[in-house]
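Engineer: Before anything else, here's the structure in question.
The values are calculated or read from the model by the stated rules, or taken from the named source; none is laboratory data. No experiment lies behind these values; they were computed from the predicted model shown. A quick note on method: Cβ atoms are made from the backbone with ideal geometry, for glycine too, and the neighbour counts reach across all protein chains shown. To get the accessible areas, we keep the full protein, side chains included, count just its heavy atoms, and leave off ligands, DNA and RNA. Shrake-Rupley method; radii C 1.70, N 1.55, O 1.52, S 1.80 Å.
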Amino acid sequence: NARRISRKIEERIMLVKHAKEFGNVSTNNTKMGTTTYAIDAFACKVGSKLAKNPNTPCHGCYARKLQKLRPSVDQGWKLNLSKWLQADPKLWSKAMAFQINRYNTDGYHRWFDSGDLQSLEMLQAIVEVCELTPTIKHWLPTQERAMIKQFKANGGTVPHNLVIRVSASLLDGDMPSGADNGSQVFTKGSDPKGFECKARHNNNACGPCKACWTKSVKLVSYPKH
């Protein structure tokens, strides 16, 4: 019995090690308390263009600031991106799903607390992760509206447990056109145009609020930091 238990533990460790060869799912996001996945914020495609405009949410990006301040974070997020770029998408999906199923404790997962979709292929791989983790609710914020549009045009279906929130390009922006769910950032003196995020009143934590993961909440409004 002891040998059998030892073998099972060893197999589990090897599975974890193998899964992490495709990138790390994080478990230490203090704001959300959920599992998350992050990549290099400087690799954002639409976001890198928006970051040059002070009238956009991407200008002064918190993730880029954190990468500059903390080399270990910068290295980890860049490594996650590198591993995705080198991976077989099918195997990547299985590795991410394995980690989410293993480490998630609250039933909610966020994609891209840093970075954004890199390709239509990546979106399709994430959709597969959602299908492999049917009891987990997934939230994917993105500026890559063209990829979402192309995915749907190709006949892609958004799983029941995935909320894709297309972000408004400009500060105080409206609900993104054509999006099923969206988000916007409102500035001081302006009113939120959707459900207002209350994290700033809760020690910068989501707490019990799960509006971002809820499809019936069409637009979420975040105050500009």
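Engineer: How many nm separate the modelled label positions at S190 and D174, each set 7 Å beyond the Cα in the direction of the Cβ?
Structural biologist: Label-label distance for S190 and D174, simple model: 1.4 nm.
Engineer: Right, next: For segment 136-225, rounded, prolate or oblate, judged on the Cα gyration tensor with a ≥ b ≥ c (square roots of eigenvalues), a/c < 1.5 rounded, else prolate if a/b > b/c? Walk me through the numbers on the way to the answer.
Structural biologist: Values: a/c = 2.65, a/b = 1.43, b/c = 1.85.
Oblate shape, in that a/c is at least 1.5 and b/c is the bigger or equal ratio.
Engineer: Going by the alpha-carbon gyration tensor, a ≥ b ≥ c the square roots of its eigenvalues, is segment 52-101 rounded (a/c under 1.5) or, if a/c is not under 1.5, prolate (a/b greater than b/c) versus oblate? Let's see the in-between values first.
Structural biologist: Values: a/c = 2.61, a/b = 2.00, b/c = 1.30.
Prolate, since a/c reaches 1.5 and a/b exceeds b/c.
Engineer: Rank D180, D74, D116 by accessible area, highest first, at a 1.4 Å probe radius? Intermediate results must be reported in sequence, preceding the final value.
Structural biologist: Details: D180 85, D74 30, D116 10 Å².
If we order D180, D74, D116 from most to least accessible, we get D180, D74, D116.
Engineer: Does a label point 7 Å from the Cα of R102, set along Cα-to-beta-carbon, have any residues of segment 15-56 with amide nitrogen under 19 Å, and which are they?
Structural biologist: 15-29, 34-38
Engineer: So what is the relative contact order for the chain, in percent, with contacts set as C-alpha pairs under 8 Å and at least six apart?
Structural biologist: On the way: 378 pairs, mean separation 40.9, N = 225.
Rounded, it is 18 percent for the chain.
Engineer: Relative to the longest principal Cα axis of the chain, at what angle does helix 2-20 sit, 0 to 90 degrees, rounded to 10?
Structural biologist: That helix lies at roughly 40 degrees to the long axis.
Engineer: In debye, nearest 20: dipole of segment 66-212 around its Cα centre with unit charges on the Cβ of K, R (+) and D, E (-)? Walk me through the numbers on the way to the answer.
Structural biologist: Details: 18 positive and 14 negative charges, 61 e Å.
For segment 66-212, the charge dipole is close to 300 debye.
Engineer: Still on this structure, I have one more. Distance check, please: which entries in K152/K224; K45/K149; K49/K137; K65/K152; K52/K152; K149/K215 exceed 24 angstrom between their Cα atoms?
Structural biologist: With Cα atoms farther than 24 Å apart: K152/K224; K49/K137; K65/K152; K52/K152.
Engineer: What distance in nm lies between label points placed 7 Å from Cα along the C-beta direction at K224 and L66?
Structural biologist: Result for the modelled spin labels: 2.1 nm.
Engineer: Measure off, as a whole percent, the carbon and sulfur share of the 1.4 Å-probe accessible area of segment 85-224, all protein chains present.
Structural biologist: Values: 3490 of 6650 Å².
Result for segment 85-224: 52 percent of the exposed heavy-atom area is carbon or sulfur.
Engineer: Turning to a different aspect of this structure: Which net charge results when you count Lys and Arg as +1 and Asp and Glu as -1 among the other residues whose beta-carbon is under 12 Å from that of F195?
Structural biologist: Counting the neighbours of F195, the net charge comes to +4.
Engineer: Determine the distance separating the Cα centre of segment 206-225 from the Cα centre of segment 141-170; give it in Å without decimals.
Structural biologist: Cα centroid to Cα centroid, the span is 17 Å.
Engineer: Distance between Cα centroids, segment 115-129 to segment 76-113: provide it in whole Å.
Structural biologist: Each part reduced to its Cα centre gives a spacing of 10 Å.
Engineer: Restricting to DSSP H runs of at least four residues, report the calculated mean residue ellipticity at 222 nm for the chain, -39500 (n - 2.57) per run over all residues, nearest 500 deg cm²/dmol.
Structural biologist: On the way: 7 runs with 85 residues, N = 225.
My calculation for the chain gives -12000 deg cm²/dmol from helical runs alone.
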